[in-house]
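Written out below as structure tokens is the structure these notes cover.
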Amino acid sequence: MSSKLNLIGFTEEYLLDIPEIDEQHKRFFDLLAKIGDAAPDLYKVLDDDEVDAVVDVLDELRDYAMLHFRTEEAYMREVDYPGIAKQKSEHNRFMTDVIRMEAEFMNGSAIPAIKIRNFMHDWYREHILELDKPFSLFYKEKTG
Ligand SMILES: [Fe+2]
Ligand SMILES: [Fe+2]
């Protein structure tokens, strides 16, 4: 089965019309696709080289998510966004979940790479549509 299956990637419905944030969201989905390039079949138990390659991408994704959350929260502070506490707690929970999954994955692939990738994909999709989008409307009203 192709490991790229079911990966929707960045779509127009994610656009917030805040260029820096849109660029970062796009980049995150591009990085996500790199997990599929790191190992040809994410459903099977990976060999050591494949695990290393996947972990490299996961590290990159984690660092990039951290940078992105910091950027986004700075935009929120700029306009005193009332939803910032909820956003921050969701961002922090994502980081905690990803770090835990990555550790489990490194300790003998207890969870398959596909599960981590799908978790990140679905989390980002839902988070952008349900939380980042309402923020962007607030931001544009305040700054536009
Ligand atoms: Fe975001
Ligand atoms: Fe966010």
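The values are calculated or read from the model by the stated rules, or taken from the named source; none is laboratory data. Please read all numbers here as calculations on a predicted model, not as lab measurements. No Cβ is skipped: glycine too gets one built from the backbone with ideal geometry, and neighbour counts run over all protein chains shown. Protein only, heavy atoms only, side chains kept; ligands, DNA and RNA dropped before computing areas. Shrake-Rupley method; radii C 1.70, N 1.55, O 1.52, S 1.80 Å.
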Criterion: free of Cβ contacts under 8 Å to residues at least 24 places away in the same chain, open to solvent by 90 Å² or more (accessible area, probe 1.4 Å), within 16 Å of ligand 2 (Cβ to nearest atom) and not small (Gly, Ala, Ser) - qualifying residue of ARG77, ARG27: ARG77
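Select, from ARG117, ARG62, the only residue that is open to solvent by less than 20 Å² (accessible area, probe 1.4 Å), of a type in the set (Lys, Arg), touching a helix residue (DSSP H, G or I) at 6+ places or on another chain (Cβ under 6 Å) and touching a residue at least 40 places away in the same chain (Cβ under 8 Å).
Numbers: ARG62 fails: open to solvent by less than 20 Å² (accessible area, probe 1.4 Å).
None of the other options fit; the residue is ARG117.
Just to be sure I understand, how many residues within the range 17-41 are at negative phi and over 18 Å from the mean Cα position of the chain (by Cα)?
Of the residues in that region, 3 qualify.
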Residue match in the range 34-51 (condition: in contact with a Phe, Trp or Tyr (Cβ under 8 Å, 6 or more places away or on another chain), touching a residue at least 24 places away in the same chain (Cβ under 8 Å) and of a type outside the set (D, E, K, R)): yes
Subset of the range 26-73 [within 16 Å of ligand 1 (Cβ to nearest atom) and of a type in the set (Ser, Thr, Tyr)]: TYR64, THR71
Extreme residue, nearest to ligand 1 (Cβ to nearest atom), among residues of the range 74-129 that are under 24 Å from GLU50 (Cα atoms) and not in a helix (DSSP H, G or I): ILE111
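Give the residue that is nearest to ligand 2 (Cβ to nearest atom), with candidates limited to residues of the range 80-94 that are hydrophobic (A, V, I, L, M, F, W, C) and open to solvent by 20 Å² or more (accessible area, probe 1.4 Å).
Ranking the candidates gives ILE84 first.
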